[in-house]
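The values are calculated or read from the model by the stated rules, or taken from the named source; none is laboratory data. Worth saying up front: this structure is predicted, and the values here are computed from it rather than measured. FYI the Cβ positions are ideal-geometry reconstructions off the backbone, even for glycines, and counts take in every protein chain you see.
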Amino acid sequence: MGNNQDWLNFEHLAADKLKDEVKPPSMYKVILNNDDYTPMEFVIDVLQKFFSYDIERATQLMLQVHYKGKAICGVYTAEVAETKVAHVNKYAKENEHPLLCTLEKA
């Protein structure tokens, strides 16, 4: 049977290997894209409802969407980003707006 020193070395090696294998999750940007039909007020509503921005920040982002063509609403893990994109696109469709929310790897 091995001594305690052998066991401690094994635990140390296992911990080092695990540390090397565990990586942070990939992150994704959630993006609102401009169109010529969605009212600015609706974009502000989306930013407040789905991204919890206050009126001032939501207005700033809406203006970025309007003038620059798109704005990053936030950066999230894949599952959260996919859920936000799906909810925003569903909400826009239910309200008969062509607003498009997309995601891309950060």
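Tally up the residues in the range 83-106 that are surrounded by 13 or more Cβ atoms within 10 Å (Cβ to Cβ) and free of Cβ contacts under 8 Å to residues at least 40 places away in the same chain, please.
Qualifying residue count for the region: 3.
Please identify the pairs in which a residue from the range 45-56 that is of a type in the set (Phe, Trp, Tyr) has its Cβ atom under 6 Å from the Cβ atom of a residue that is surrounded by 10 or more Cβ atoms within 10 Å (Cβ to Cβ) and modelled with pLDDT under 95, counting only partners at least 6 apart or on another chain.
none
Select from the range 53-69 the residues that are surrounded by fewer than 17 Cβ atoms within 10 Å (Cβ to Cβ) and under 23 Å from Lys105 (Cβ atoms) and list them in ascending order.
Gln64, Lys68, Gly69, listed by residue number.
Test Thr77 against the stated conditions and say whether it is under 28 Å from Pro25 (Cβ atoms) and of a type in the set (Val, Ile, Thr).
On the way: under 28 Å from Pro25 (Cβ atoms): yes; of a type in the set (Val, Ile, Thr): yes.
In short, yes.
Of all residues being of a type in the set (Ser, Thr, Tyr) and either in a loop (DSSP other than H, G, I, E, B) or modelled with pLDDT under 65 (or both) in the range 1-43, which is nearest to His87 (Cα to Cα)? Just the residue, please. Can you show your working first?
Taking the range 1-43 and keeping what is of a type in the set (Ser, Thr, Tyr), we get 26, 28, 37-38.
Right, trim to either in a loop (DSSP other than H, G, I, E, B) or modelled with pLDDT under 65 (or both) and you get 26, 37-38.
On the way: Ser26: 21, Tyr37: 19, Thr38: 16 Å.
The selected residue is Thr38.
Quick one: would you say Ala71 is of a type in the set (A, V, I, L, M, F, W, C) and assigned to a helix (DSSP H, G or I)? Spell out the reasoning first.
Values: of a type in the set (A, V, I, L, M, F, W, C): yes; assigned to a helix (DSSP H, G or I): no.
Taking the combined requirement at face value, the residue does not satisfy it.
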